[in-house]
Amino acid sequence: MAVESSPIQSGPSIESIASVQPSLSQRLSPSRGFLRGLFRSRQSLRILCYHGVVADELEGASWVPDYFVTQSQFREQMQLVQSFAKTVRLNDVFGKKGTGNRKSKPTIAITFDDVPACTFAYARPVLNELGIPATFYVSTGLVTARRIPAAEIVGLLRAYPKMRENASSPALDEMCEQPNVHKSLSIETLQRILSRVDGQVLTNAPQEAVHALKPLSWLQLRTLVDEGHEIGGHTVDHAILSKQTKNTRIRQVTKCFEDIREHLQIEPVGFAYPNGGPTDFDSDDADVLGASGFKYAVTTQAGFCTNSSPTFALPRVSIGIGHTRMRFMLELSGILDKRRRRQHGWI
């Protein structure tokens with residue numbers, strides 16, 4: 001699927017300035033007012049992507065992925081979001097009552113992929129306190145089984161290599177030594193390899209990690225719905241669609257929709273492609289999403305959502321532990337979009 005790139009330009013000096021010593025950064029970085037004005041000039045929808053939010057004391061723990069943030073970091077970022085623009089739920093834009101218009105007033109949508117239990121514990125209170133609605137994309141099979149996603153299992157095995165000593169295999173060793181190998185495998189192959197160590201991880205990994213990384217339960221997801229948040233799909237097994245057979249791709253989407261409808265008594269509107277990169281899905285997947293009942297889908301391509309953005313390939317900006325206050329504001333403004341698209345293979 002061809003995905004439109006945002007025309008925002010960025011120069012390397014801005015990000016370099018933001019990453020140096022705070023005193024120099026404060027003297028030379030753009031002001032919040034300038035960045036807010038730049039953001040508002042776009043008159044478009046900006047979608048932010050989070051994964052996990054952990055307790056502040058866990059910052060720097062070896063098992064915490066770099067695409068998580070701490071609760072204090074998340075709170076500061078949500079306060080900054082509110083100073084930049086109004087926040088919206090994506091199903092209010094693309095659902096039955098929405099018009100799909102992404103170019104009227106500048107708005108921001110907060111989204112979460114995978115939705116580990118730590119997010120319920122540490123992101124939910126911040127969102128509800130500040131009155132910010134969010135969208136949570138869930139892999140329904142993982143929710144039902146309360147199974148930790150493969151990427152986090154691999155991360156735990158890297159952090160604590162002794163856990164695989166009695167179940168080592170060439171395939172498992174390669175997966176642990178090369179960070180992105182698991183993303184190239186079919187879901188059946190991936191589950192078969194990790195089944196050898198799943199039990200050891202749950203038993204021997206730090207219990208704070210296990211409890212934080214497990215998916216939410218259906219009851220917790222129902223609570224989020226009742227509190228005004230949106231629940232969307234993320235396949236059944238967090239399957240990167242382009243790595244699966246045609247039949248598996250269809251099942252991963254259609255059953256995801258059916259599971260959410262059955263367990264939560266709602267028809268989900270939105271979908272997030274697992275991994276969400278330029279080679280992780282195609283137009284056939286978008287067709288299946290539409291036929292299943294989904295109304296929109298988000299990627300991990302940095303950019304603003306405009307009326308010309310494909311509805312089943314909306315751009316989204318990923319946020320992680322490395323986002324300082326200034327870097328987060330730079331991401332909101334769009335200054336870093338072109339660089340992010342280049343880093344992630346979109347251009």
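The values are calculated or read from the model by the stated rules, or taken from the named source; none is laboratory data. Keep in mind the model is a prediction, meaning the values are calculated, not measured. A quick note on method: Cβ atoms are made from the backbone with ideal geometry, for glycine too, and the neighbour counts reach across all protein chains shown.
Observations
Results for (1) in contact with a Cys (Cβ under 9 Å, 6 or more places away or on another chain); (2) farther than 28 Å from Ala297 by Cα; (3) in contact (Cβ under 8 Å) with a residue 60 or more places away in the chain, shown as yes or no for each residue.
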residue	(1), (2), (3)
Leu130	no, no, no
Ala134	no, no, yes
Ile153	no, no, no
Pro179	no, no, no
Gln191	no, no, no
Ser195	no, yes, no
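- Flag if Leu289 is in a helix (DSSP H, G or I) and touching a strand residue (DSSP E or B) at 6+ places or on another chain (Cβ under 6 Å): yes
Here's the yes/no breakdown for (1) under 15 Å from the mean Cα position of the chain (by Cα); (2) surrounded by fewer than 21 Cβ atoms within 10 Å (Cβ to Cβ); (3) of a type in the set (D, E, K, R):
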| position | (1), (2), (3) |
| --- | --- |
| Ala55 | no, yes, no |
| Pro65 | yes, yes, no |
| Leu80 | no, yes, no |
| Leu90 | yes, no, no |
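- Summed over the range 230-268, the residues that are in a strand (DSSP E or B) and among the aliphatic types (A, V, I, L, M) give a count of 1.
- From the list Asn166, Asn128, the lone residue that is of a type in the set (S, T, N, Q) and modelled with pLDDT under 95 is Asn166.
- Just one of the listed residues (Val154, Val138) is more than 30 Å from Thr107 (Cβ to Cβ), in contact with a Leu (Cβ under 9 Å, 6 or more places away or on another chain) and surrounded by 21 or more Cβ atoms within 10 Å (Cβ to Cβ), namely Val154.
- Of all the numbered requirements in (1) over 23 Å from Gln73 (Cβ atoms); (2) not assigned by TED's automatic domain parsing to the domain that holds Val236, Thr140 misses one, and that requirement is (2).
- Phe271 in a strand (DSSP E or B) and either within 29 Å of Asp66 (Cα to Cα) or among the basic types (Lys, Arg) (or both): yes
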